[in-house]
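The values are calculated or read from the model by the stated rules, or taken from the named source; none is laboratory data. Small disclaimer: the values here were computed from a predicted structure and weren't measured. Reconstructed Cβ throughout: ideal geometry from the backbone, glycine too, with neighbour counts over all protein chains shown. The protein model used for the area step is the full one, side chains on, heavy atoms only, and it has no ligands, DNA or RNA in it. Shrake-Rupley method; radii C 1.70, N 1.55, O 1.52, S 1.80 Å.
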Amino acid sequence: MEKLGWLRGSLHDNGDYRVHYKYFAKANITTIVGEYESVVVNESSTYGDDAINGCLFVLGECRTPGEYPTPGSSYSKYLKAKHLLLAEVEPLVMSEVLRDLYIVTSKAK
C-alpha cells in the first residue's frame, strides 16, 4: 500500500497496525482501509495473508488513524469523522481507490 501513496495507521504498543489511509486534498476526503488482524510491522506480507476487511470514506483529513473507525464507534466519534455514502464520494477518488485496491489484491495469493 505504501508504494501506492498510502500511509500506515499509527502503531500500537506491541508494534502492530490495523489500517492504511490516504488523504485526497482536492476532494477533502480521507479513505481508510484495513481492519487488519494485528499486522506486525516487520512481518507484514511475510506470508501474503494480509486481508483488507473494510474500506471507508470520511469527510476531512483523518491524521494517523489507529483503528478502523466503524460508524457509530467511540473511535469514530473521537475522530469526529463524517462517514460518506458511496454516492457522496467524488468519482475520481473512488476510481483511484478502486485502482489501488485492485493492484494490491491482484498480487495476493
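Output the number of residues of the stretch 83-104 satisfying the condition of being part of a helix (DSSP H, G or I), open to solvent by 100 Å² or more (accessible area, probe 1.4 Å) and over 17 Å from GLY5 (Cβ atoms).
3
Are there any pairs, at least 6 apart or on different chains, whose C-beta atoms fall under 8 Å, with the first in the stretch 1-29 and of a type in the set (D, E, K, R) and the second modelled with pLDDT of 90 or more, and if so, which?
LYS22/GLY5; LYS22/TRP6; LYS22/THR30; LYS22/THR31; LYS22/VAL97; LYS22/ASP100
Look through the stretch 29-38, keep the residues that are open to solvent by less than 60 Å² (accessible area, probe 1.4 Å) and closer than 21 Å to VAL97 by Cα, and return whichever of them is modelled with the lowest pLDDT.
Filtering first and then ranking leaves TYR36.
If you take the residues of the stretch 4-18 that are among the hydrophobic types (A, V, I, L, M, F, W, C) and open to solvent by 40 Å² or more (accessible area, probe 1.4 Å), which of them is modelled with the highest pLDDT?
LEU4
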